[in-house]
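Asker: Below: one structure in C-alpha cells.
The values are calculated or read from the model by the stated rules, or taken from the named source; none is laboratory data. None of these values were measured; they are calculated from a predicted model. Cβ placement follows ideal geometry from the backbone for every residue including glycine, while neighbour counts extend to all protein chains displayed. Just the protein is used for accessible areas: all its heavy atoms, side chains included, with ligands, DNA and RNA removed. Shrake-Rupley method; radii C 1.70, N 1.55, O 1.52, S 1.80 Å.
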Amino acid sequence: MNYSELAPPYIRAIAPYQPGKPIAELERELGISGIVKLASNENPLGASPLAMAAMHAAMSDIARYPDGSGFDLKTALSERYQIEFACIVLGNGSNDLLELAARAFLAPGDKVVYADHAFAVYALATQAAGATGISVPATKGFGHDLSAMLQAAVQHKVKMVFIANPNNPTGTFLGAVELLDFLRAVPPQVLVVLDEAYNEYLPQNLRYDSVSWLREFPNLIISRTFSKAYGLAGLRVGYALAGELVADMLNRVRQPFNVNSVAQAAAVAALQDEDFVRQTCELNQAGMNQITQGLKRLGLEFIPSYGNFVCCRIANPAESGGKGAGQMYRRLLELGVIVRPIANYGMPDYLRVSIGLESENEKFLSALAQALGEAA
Ligand SMILES: *Cc1c(COP(=O)(O)O)cnc(C)c1O
C-alpha cells in the first residue's frame, strides 16, 4: 500500500522547505574545516551575553514544563509595546505563528494572497491548511506590488494576505504610507499577516510603529522573531501581536508548551539587551557596505536590501558562457562558503548571501572572485 496516498492531496502536493546547508554537513562531505556559513540570515555575533546568562540560569529548572502562559515574556513584551497580554501570542519561532494563523483561520476552499519571491513559509502554511495560494507578481524590482495584491485580496474567498517587510529573500521594503494605504483599503474580513522578522535592522528614518496600527485594524497580525537580530535562531522563539479576538484563535490552536523554558528566559533577557541589538545593526550596516561594494567591484548586480542579507545576480550561463547561480553555489561550497541558492523562490539567476563578520564577508568575496575568474 502506498501510505503517502492516505494524506490528503493538498498535503502530498507540498514541496518541502529547503533550509540552508548546515556547516557540519559540508564538513562531513568535504572533510575540511573553517567553513563560512552565510546561508540562513543568522546573527554573526551569536546571542546577547544577557540572553546566554539567562539560559544558563533557566537550565536548573529544565525538569519542569515551561510556563504555558509565557507570563514573564508576555510581561516584557507588554511593557515594551504597551499592549495587553490578550493581544500577544508566543511561538516556536515566528514560523510557528505563521502556521498558527493559517491553521486557526483557513479551511479548504479559502484563498490566500502573497507575493512572488516572498518567504516560502506562506505558501507552505497555506497548502497545509488546504487553502489555495494566489501568488501576485512582484513587479517593483522584486518587491511586493501592494496595489496588485489589493486587487487579488478583494476576490471572493480570500481570507488572508501575507506581507513580509522587509521580505526574505529579496530584502525589499515597503514604507509605512504604502502599508497603511493597503490596510485601509483591504476588506475587514481579510486578515493581514505582517511578517516583520527583520524589523530591528531598519534604520531610524524608515521605522514605523506598526503595533499602534492594531487599534485601528483588528484584522492585522504582526509577527516578529528572536531568531535574527536577537541571535536566538536555534532556540526557536517568536511572537505575534494582534487584536484580542484574533490572538485568542491563534492561542487555541497553539500547543500548550510550544515555547520551551530556556527560550522564554533567553527572550526576556534579549529584549532588555538594547546594546546588543545596536551592535548587531552597526555590524550589519558595515558588512552590507563591504559586500555590496565588493559585488560592485566584481561587476555583479544586486537587489538593494533592508535586511541582514543581499541577493546578487550571477549571470545566466547561456548569456555569459560563465557559471549559472546553481553552479556558482556548488563551486562556493567547494571553496568553503555556504550561501543560499533561491531558484525555488523563482530566482534561478540569484544567490542570497547573509551578512557575516568582516572576515566571513571577505572570505565570501574572495571565493566569489576566484570562482568568477575560473568561469571567464
Ligand atoms: C527567518 C524568517 C522568519 C522566521 O524565522 P523564525 O526563526 O521561525 O522566527 C519569518 N519570516 C521571514 C521573512 C524570515 O526570513
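Asker: How much length would be gained if the chain were fully extended between His56 and Ala176, taking 0.36 nm per residue of separation minus their Cα-Cα distance, in nm to one decimal? Display every interim value, and only then the final one.
Answerer: Details: separation 120, 0.36 × 120 = 43.20 nm, distance 3.93 nm.
In short, 39.3 nm is gained.
Asker: Please give the length that would be gained between Asn2 and Ala286 if that part of the chain were fully extended, namely 0.36 nm times their separation in residues minus their C-alpha to C-alpha distance (nm, one decimal). Display every interim value, and only then the final one.
Answerer: On the way: separation 284, 0.36 × 284 = 102.24 nm, distance 5.31 nm.
Taking Asn2 through Ala286 to full extension adds about 96.9 nm, to one decimal.
Asker: Let me check against my output: what whole-number percent is the relative contact order of the stretch 49-272, with C-alpha pairs under 8 Å and at least 6 apart? Could you put the intermediate results ahead of the total?
Answerer: Values: 417 pairs, mean separation 68.4, N = 224.
Taking the mean separation of contacting Cα pairs over the length of the stretch 49-272, I get 31 percent.
Asker: Right, next: Run the helix sum for the chain: -39,500 (n - 2.57) per DSSP H stretch of 4+ residues, divided by residue count, reported at 222 nm to the nearest 500 deg cm²/dmol. Each step should come with its number before you reach the end.
Answerer: Details: 15 runs with 154 residues, N = 376.
About -12000 deg cm²/dmol.
Asker: Something else: Using the per-residue mean of other Cβ atoms lying within 10 Å as a proxy for protection, in what order, highest first, do the peptides 225-236, 28-39, 171-182, 89-100 fall?
Answerer: Working: 225-236: 22.8, 28-39: 15.3, 171-182: 17.2, 89-100: 24.7.
Answer by packing, highest mean first, reads 89-100, 225-236, 171-182, 28-39.
Asker: Hey, another quick one. For the charge dipole of the chain, defined by +1 on Lys and Arg C-beta atoms and -1 on Asp and Glu C-beta atoms about the Cα centroid, which residue among Phe71, Cys311, Leu250 has the Cα displaced farthest towards the positive pole?
Answerer: So the residue we want is Cys311.
Asker: Based on the mean of other Cβ atoms within 10 Å per residue, sort peptides 48-54, 7-13, 209-215 so the most packed one is first. Don't skip to the answer; put the middle values down first.
Answerer: Numbers: 48-54: 19.1, 7-13: 11.0, 209-215: 15.4.
Highest to lowest by the protection proxy: 48-54, 209-215, 7-13.
Asker: While we're here: For the chain, what number of Lys pairs, 8 or more residues apart or on separate chains, have alpha-carbon atoms under 14 Å from each other?
Answerer: On the way: Lys21/Lys37; Lys37/Lys363; Lys111/Lys157; Lys111/Lys159.
Close lysine pairs found across the chain: 4.
Asker: Let me ask another. Quick one: which residues, 5+ away or cross-chain, put their amide H under 5 Å from the amide H of Lys228? H built at 1.01 Å from N.
Answerer: none
Asker: Which order do the peptides 185-191, 324-330 come out in when sorted by mean C-beta neighbours inside 10 angstrom, highest first? Don't skip to the end; give the middle numbers.
Answerer: Details: 185-191: 14.9, 324-330: 18.7.
Peptide ranking by packing, descending: 324-330, 185-191.
Asker: Let me check I've understood the local charge: for Gln189, count other residues with C-beta under 13 angstrom from its C-beta, Lys and Arg +1, Asp and Glu -1. What total comes out?
Answerer: Working: positive: Lys111, Lys157, Lys159; negative: Asp110.
Net charge around Gln189: +2.
Asker: Also: Return one whole number: the accessible area per residue of the stretch 49-272 in Å², for a 1.4 Å probe. Can you show the working numbers first?
Answerer: Details: 9040 Å² over 224 residues.
Heavy-atom SASA per residue in the stretch 49-272 reads 40 Å².
Asker: Next question. May I ask you to compute the full-extension gain from Thr139 to Glu301, defined as 0.36 nm times their residue separation minus their alpha-carbon distance, rounded to one decimal in nm? Walk me through the intermediate numbers first.
Answerer: Numbers: separation 162, 0.36 × 162 = 58.32 nm, distance 1.74 nm.
Extending this stretch completely gives an extra 56.6 nm.
Asker: With both bridge residues required to lie in the chain, what share of the DSSP beta bridges run antiparallel, to the nearest 5%?
Answerer: 50 percent
Asker: Hey, another quick one. List the relative contact order of the chain as a percent without decimals, with contacts defined as Cα pairs under 8 Å and 6+ residues apart.
Answerer: Numbers: 702 pairs, mean separation 86.8, N = 376.
Computed over the chain, the figure is 23 percent.
Asker: A further question follows. Given the Cα atoms of the chain, and with Rh set as the inverse mean 1/r over their pairs in the Kirkwood sense, what is Rg to Rh to two decimals?
Answerer: Details: Rg = 20.9 Å, Rh = 21.6 Å.
Over the Cα atoms of the chain, Rg/Rh equals 0.97.
Asker: Moving on to the next point. Going 7 Å from the Cα of Asp67 toward and past its Cβ, which residues in the stretch 232-264 have a backbone nitrogen under 15 Å from where you end up?
Answerer: 257-264
Asker: What part of the accessible area of the stretch 217-376, given as a whole %, is carbon or sulfur when the probe is 1.4 angstrom? Provide the component values of the computation, followed by the final result.
Answerer: Numbers: 3280 of 6360 Å².
Heavy-atom surface of the stretch 217-376 belonging to carbon and sulfur, 1.4 Å probe: 52 percent.
Asker: If I take the Cα coordinates of the stretch 49-272 and project them onto the principal axes, what are the three extents in Å, biggest first?
Answerer: Largest to smallest, the principal-axis extents are 53, 39, 29 Å.
Asker: Could I ask something else about it? Decide, for the stretch 72-131, between rounded, prolate and oblate: order the square roots of the alpha carbon gyration tensor eigenvalues as a ≥ b ≥ c, take rounded if a/c falls under 1.5, and otherwise choose prolate if a/b is larger than b/c, else oblate.
Answerer: Numbers: a/c = 2.78, a/b = 2.16, b/c = 1.29.
Note, shape of the stretch 72-131 comes out prolate.
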